[in-house]
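Okay, so here's the structure we're looking at.
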Amino acid sequence: MRNPTWEKSLEPQIAQAREELRSRDPRIVADNSGAVYYEIEEGQGRFQVRFFGRPYTISWPELEVFDPQGQSCPNPVQAALLQYLVLADGTPLTHHWVSLRELPNGAFYERAFQGYSGNLVVRHFKNDIERFRQAAQKLGGEPVELGDAAFRFWALPRIPLAVVYWSGGEEFPASAHVLFDSSAGHYHHLEMLAHLGAMICDQLIQAA
């Protein structure tokens, strides 16, 4: 569900990210983030960044984000990719999954985040693990050994997400959670990490 007020509020953050990036060497930005930078001519180029498995382009030095069809992206996508390039510091992935609560300052967001991420997945799939698997595989999810079924998705080159599903029984209801690599705070703000987690849950529901 779109939130026009929130989308509008991202404009100063987008402008700030562009200003910060223009002061940097785009090649170093690419190295730190896992993006690819192509120089077209001196002072002109473009980044290519995979966003949920699809190639997005960011012009340099304009720093406008375009989707795979060449259309300018809405503010949430502009902010997600530009802030990622700003914050990415090249920290190696730990391959240790944690909840949003376990990330710095994450406890404050955890309850609300669960409400619009994992709880929506459970409500939609209704304990049908096989249907969940099929939706995850349709999106290119990579199986991981967690819960009763779990899949890894690459939101951005250095931000993997895991969606883990536990089937319910007589004593415990079904549950689903989005997990993050413990290095995620080196690559994005907590608010945007939560937004990315919600995005993959929405995509799973749409793919079912």
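What the table shows:
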| item | result |
| --- | --- |
| Residues of the stretch 129-147 satisfying the condition of being touching a helix residue (DSSP H, G or I) at 6+ places or on another chain (Cβ under 7 Å), in a helix (DSSP H, G or I) and among the aliphatic types (A, V, I, L, M) | ALA135, ALA136 |
| Members of the stretch 108-130 found to be at pLDDT below 90, on the phi < 0 side of the Ramachandran plot and over 17 Å from the mean Cα position of the chain (by Cα), listed by number | PHE108 |
| Looking only at the stretch 45-92, and only at residues there that are within 17 Å of ARG27 (Cα to Cα) and among the β-branched types (Val, Ile, Thr), the one that is surrounded by the fewest Cβ atoms within 10 Å (Cβ to Cβ) | THR91 |
| ASN105 vs. criteria touching an Asp or Glu at 6+ places or on another chain (Cβ under 9 Å) and either over 13 Å from PRO157 (Cβ atoms) or at pLDDT 95 or above (or both) | no |
| Test set (1) aliphatic (A, V, I, L, M); (2) in contact with a Pro (Cβ under 9 Å, 6 or more places away or on another chain); (3) closer than 17 Å to ILE129 by Cβ - LEU190 fails condition number | (3) |
| Among residues of the stretch 167-208, those that are outside any loop (DSSP other than H, G, I, E, B), under 18 Å from VAL144 (Cβ atoms) and polar (S, T, N, Q), counted | 2 |
| Test: residue in the stretch 37-48 that is within 18 Å of LEU196 (Cβ to Cβ) and either under 17 Å from the mean Cα position of the chain (by Cα) or part of a helix (DSSP H, G or I) (or both) | no |
| Tally, over the stretch 34-49, of residues that are out of contact with any strand residue (DSSP E or B) (no Cβ under 7 Å at 6 or more places or on another chain) and either within 13 Å of VAL86 (Cβ to Cβ) or in contact (Cβ under 8 Å) with a residue 40 or more places away in the chain (or both) | 1 |
| Whichever residue in the stretch 158-193 is touching a strand residue (DSSP E or B) at 6+ places or on another chain (Cβ under 6 Å), without any contact (Cβ under 8 Å) to a residue 60 or more places away in the chain and of a type outside the set (A, V, I, L, M, F, W, C) and, among such residues, is farthest from ARG111 (Cα to Cα) | TYR165 |
| Criterion: in contact with a Pro (Cβ under 8 Å, 6 or more places away or on another chain), closer than 19 Å to ALA208 by Cα and outside any helix (DSSP H, G or I) - qualifying residue of ALA162, ALA150 | ALA150 |
| Residue match in the stretch 128-140 (condition: farther than 15 Å from CYS201 by Cα and surrounded by fewer than 17 Cβ atoms within 10 Å (Cβ to Cβ)) | yes |
| The stretch 1-29 residues that are small (Gly, Ala, Ser) and in a helix (DSSP H, G or I), paired with ones that are at pLDDT 90 or above and surrounded by 13 or more Cβ atoms within 10 Å (Cβ to Cβ) (beta carbon under 6 Å, 6 or more apart) | ALA17/LEU82; ALA17/GLN83; ALA17/VAL86 |
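Here's the yes/no breakdown for (1) in the same structural domain as LEU161 (by TED's automatic domain parsing); (2) part of a helix (DSSP H, G or I); (3) under 20 Å from ILE14 (Cβ atoms); (4) in contact (Cβ under 8 Å) with a residue 24 or more places away in the chain:
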{"site": "LEU63", "(1), (2), (3), (4)": "no, no, yes, yes"}
{"site": "GLY70", "(1), (2), (3), (4)": "no, no, yes, no"}
{"site": "ALA79", "(1), (2), (3), (4)": "no, yes, yes, yes"}
{"site": "PRO92", "(1), (2), (3), (4)": "no, no, no, yes"}
{"site": "PHE108", "(1), (2), (3), (4)": "yes, yes, no, no"}
{"site": "VAL122", "(1), (2), (3), (4)": "yes, yes, no, yes"}
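The values are calculated or read from the model by the stated rules, or taken from the named source; none is laboratory data. Note that the structure is predicted; figures quoted are calculated from it, not measured. Neighbour counts run over all protein chains shown; Cβ positions are idealised from the backbone, glycine included.
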